[in-house]
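Have a look at the structure below before the remarks.
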Amino acid sequence: MRYLGRECFRNYKEAIRREWVITNGLGSYAGSSIVGANTRKHHGLFIASLHAPTERKVLVNGLYETVCFEDKIIDLYSGKKKNQASREGYLYQTGFCLDVVPSFIYEVEGLFIKKTIAYEWEKNTVAVLYEINNEGRDCVLLLNPVINYRDHNDGSKKSDLGFDYNIEKNTLKFVPEKNKDLILSLFSSEGSLEVVPVSERFDTNIELQTEIDNGMSSSDIGYCPVRIQIGIQSGVTKNVSIVFSIEEQYEQNAEKTIKPARERIGNIMKTAAVSDEFTKDLIEASDKFVVRRESTKGKTVLAGLPWFTDWGRDTMIAFTGLTLVTKRFEDAKSILETFAKYENKGLIPNMFPDTGVEPLYNTVDASLWFFYCIYKYLEYDKSEDAKDFVKDKLYSTMKNIIRCYKSGTDFSIKMDTDGLITAGSDLDQVTWMDVRVGDRVMTPRHGKPVEINALWYNALMITAKLADIFKDSAFSEELKGLASLVKKSFCEKFYNKSTDCLFDVVDEILPDGSKRNDEKIRPNQIFAVSLPYQILDEIKEKSIVNVVRSKLYTDFGIRSLAPEDPEYHGLYKGELAKRDEAYHQGTAWGFLMGPFITAYLKVNASDPKAKEKAEKLLWPIKQHLNDGCIGGIAEVFDGDPPHISGGCYSQAWSVGEILRAVYEGGLSV
């Protein structure tokens, strides 16, 4: 449980820096700042995925609370509007608590209110519980639901917000003009429903401060035709349930939604059987990313909250922490089988298909990470059933990927005569450093990238081991011979004596067709140390880790480029084009802390204090769980101190890779 007191929201600017998010296993989410002020387009009380995990629509901006005494009116919600006075409910907020689900605690003249929000699991239903204890005088609690219907990436216009609605006892039903097939129900367990005058039905000019900071369109609007009035007499203690749903049947008692939400996480913790508190925190965070995908009928991983859906590369990298450390083996099998099903020409999707949409395959590394995931799956689940699953469902896909990478496939992916994999040309963006601004690929890395070839070597060794287990002797010998060539070429070509670390790309293809070895000091080389099968000698491994530690390490992640490089950008901020320039040119990435910690422990295995030192390196990440998105780990951080977080406020591979590294390293942070 995380509790934040008044020190975290003494002023509006400080309060909105911290955010929260909850999910429902379908891609739906709810999230805002810890004082309830929406500062992003992606903030809202009910953002429903209409086709899991996509088509995410903001259906409810928020539920605004106002306390009315005989002589004064006090708002409990916070927010800013253009050219209007700010709502400063945070002045009456005494705490914010995240105990699986978020609670907001208020006190006004002896009136105590605790507001808790939860999703029904795998249902598009959001419940809000108000626990009220009035030790003061008589008052009325007004609740103003602000309804919407827009894509979570877009803003709203007043002309877009047309609704039909009707009131049936304690339930309102809204039907948006944009989607006549959707019915949004609003249930209130008590109070009277009052129709708002036409002139007051739109909540306009809502300022979204985070969007302003990012140079994006910065305002929103909502529809609020009714309000709920709840009388609260002095000395009364009561609970009030407010429920929003687009389901035909839904739970109307908020307490019966909140309790199972906490029990779910408790059961996941029991299954994972871990004792370290930091590990438990990361497991709780990991649950938000594992979701059901309607188009494949299987499980997948949301790459990041609040805006990403599922991406192949991100899923593979986050896979071990999210599904294996947590012992969610059935989810793991579902994810692997789904990827195998959609393999095409040796490539697995970088983006999954939706109805009527073809998958995107523009990635060289997702297929190679697939081998690593299978290796880890068998490492964690040592049962014969697990081996049978790999043999029956995945092994033929692994063999086809290797054949296609050897002979050549899309996006100029092909094995060269030295056994190394070359990939990419023109405007291709096939590695994880994949930003393109117009016709400019910021980090093209066309040629033989270091992590791709470390992954390729591991893929060959992993498959050779399985071939032995499955009595596929001829294929095993072929793979071992090829792996030997790859290792020889890798050792000869990638080590840069002038920097005591690895080239980022060898035989890099430049726009004029010439080739070079890229000497930029980047983090991709760390995978040559952290992956299971050793490709370099111990001296070179230690040198690589030392260079990454001295040049790229920050408190919260590993920089994407060394600061002394002339192309280094230390701040990830401003308009999108400016952020894209920095994205892989100095910005620090949380997920890279996972392989770095694994590599650090590996090369310092003889140091009796190695674990203690690694734990100290992770201490800032533990503190970060109380900043940014509470309980999560951000996608990226500024390369320059104080390393402010940016991008997605909670990222699957940031959480998954740090969770994996902590668990496998036996660390207690």
Which of the numbered conditions does V175 fail, given that it passes all the others? Conditions: (1) under 22 Å from I47 (Cβ atoms); (2) open to solvent by 60 Å² or more (accessible area, probe 1.4 Å); (3) of a type in the set (V, I, T). (2)
Among E70, E88, E122, the single one that is acidic (D, E), surrounded by fewer than 24 Cβ atoms within 10 Å (Cβ to Cβ) and within 27 Å of the chain's Cα centre (by Cα) is E122
Could you list, in sequence order, all residues of the range 388-414 that are free of Cβ contacts under 8 Å to residues at least 40 places away in the same chain and either open to solvent by less than 10 Å² (accessible area, probe 1.4 Å) or not in a helix (DSSP H, G or I) (or both)? G408, S412, K414
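Matching residues to (1) part of a loop (DSSP other than H, G, I, E, B); (2) out of contact with any Pro (no Cβ under 8 Å at 6 or more places or on another chain); (3) of a type in the set (S, T, Y):
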site: V506; (1), (2), (3): no, yes, no
site: F527; (1), (2), (3): no, no, no
site: Q534; (1), (2), (3): yes, yes, no
site: E564; (1), (2), (3): yes, yes, no
site: R579; (1), (2), (3): no, yes, no
site: G594; (1), (2), (3): no, yes, no
site: K611; (1), (2), (3): no, yes, no
site: L617; (1), (2), (3): no, yes, no
site: P620; (1), (2), (3): no, yes, no
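In this structure, is I232 over 29 Å from R40 (Cα atoms), open to solvent by less than 20 Å² (accessible area, probe 1.4 Å), touching a residue at least 60 places away in the same chain (Cβ under 8 Å) and β-branched (V, I, T)?
Working: over 29 Å from R40 (Cα atoms): yes; open to solvent by less than 20 Å² (accessible area, probe 1.4 Å): yes; touching a residue at least 60 places away in the same chain (Cβ under 8 Å): yes; β-branched (V, I, T): yes.
Judged against the criteria, I232 is a match.
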Checking A285 against (1) in contact with a helix residue (DSSP H, G or I) (Cβ under 6 Å, 6 or more places away or on another chain); (2) modelled with pLDDT under 95, only one condition comes out false. Which one? (2)
Filtered residues of the range 402-460 (kept if in contact with a Leu (Cβ under 6 Å, 6 or more places away or on another chain) and at positive phi): G419
Filtered residues of the range 124-153 (kept if of a type in the set (S, T, Y) and farther than 24 Å from L182 by Cα): Y130
Of all the strands (runs of 3 or more DSSP E) wholly in the range 152-208, which have at least 2 residues that are of a type outside the set (D, E), under 33 Å from the mean Cα position of the chain (by Cα) and modelled with pLDDT of 90 or more? 171-176, 184-188
Residue pairs meeting the criteria (Cβ under 9 Å; at least 6 apart or on separate chains; first under 17 Å from L659 (Cα atoms) and open to solvent by less than 100 Å² (accessible area, probe 1.4 Å), in the range 604-620; second among the hydroxyl-bearing types (S, T, Y) and not in a helix (DSSP H, G or I)): E615/S668; L617/Y553; P620/T554
Can you spot a residue in the range 564-579 that is of a type outside the set (D, E) and under 29 Å from P532 (Cα atoms)? no
I need a count of the residues in the range 460-490 that are of a type in the set (S, T, Y) and surrounded by 18 or more Cβ atoms within 10 Å (Cβ to Cβ). 3
Under the condition of being surrounded by 23 or more Cβ atoms within 10 Å (Cβ to Cβ) and without any contact (Cβ under 8 Å) to a residue 60 or more places away in the chain, which residue from the range 290-323 is nearest to the chain's Cα centre (by Cα)? W311
Is the range 427-441 home to any residue that is open to solvent by 20 Å² or more (accessible area, probe 1.4 Å), part of a loop (DSSP other than H, G, I, E, B) and in contact with a Phe, Trp or Tyr (Cβ under 6 Å, 6 or more places away or on another chain)? yes
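Might you check whether a residue that is of a type in the set (A, V, I, L, M), over 22 Å from Y372 (Cβ atoms) and out of contact with any Pro (no Cβ under 8 Å at 6 or more places or on another chain) occurs anywhere in the range 405-425?
No, there is no match, as no residue in the range 405-425 is of a type in the set (A, V, I, L, M), over 22 Å from Y372 (Cβ atoms) and out of contact with any Pro (no Cβ under 8 Å at 6 or more places or on another chain).
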Output the qualifying pairs, or none if there are none: Cβ atoms under 7 angstrom, residues six or more apart or on different chains, first residue in the range 12-26 and assigned to a helix (DSSP H, G or I), second residue of a type in the set (S, T, N, Q) and modelled with pLDDT of 95 or more. A15/S33
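Answer yes or no: is there a residue in the range 35-47 that is among the small types (G, A, S), farther than 16 Å from Y77 by Cβ and touching a residue at least 60 places away in the same chain (Cβ under 8 Å). Talk me through it step by step, then tell me what you get.
Taking the range 35-47 first, the residues among the small types (G, A, S) are 36-37, 44.
Right, trim to farther than 16 Å from Y77 by Cβ and you get none.
No, every residue in the range 35-47 fails to be among the small types (G, A, S), farther than 16 Å from Y77 by Cβ and touching a residue at least 60 places away in the same chain (Cβ under 8 Å).
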Please go through the range 73-83 and pick out each residue that is modelled with pLDDT of 95 or more and either open to solvent by 40 Å² or more (accessible area, probe 1.4 Å) or farther than 13 Å from I113 by Cβ (or both). I73
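The values are calculated or read from the model by the stated rules, or taken from the named source; none is laboratory data. Owing to the predicted nature of the structure, the values given are computational and were not obtained by experimental measurement. Positions of Cβ are generated from backbone atoms using ideal geometry, with glycine treated the same way; all protein chains shown enter the neighbour counts. Only protein heavy atoms, including side chains, enter the accessible area calculation; ligands, DNA and RNA are left aside. Shrake-Rupley method; radii C 1.70, N 1.55, O 1.52, S 1.80 Å.
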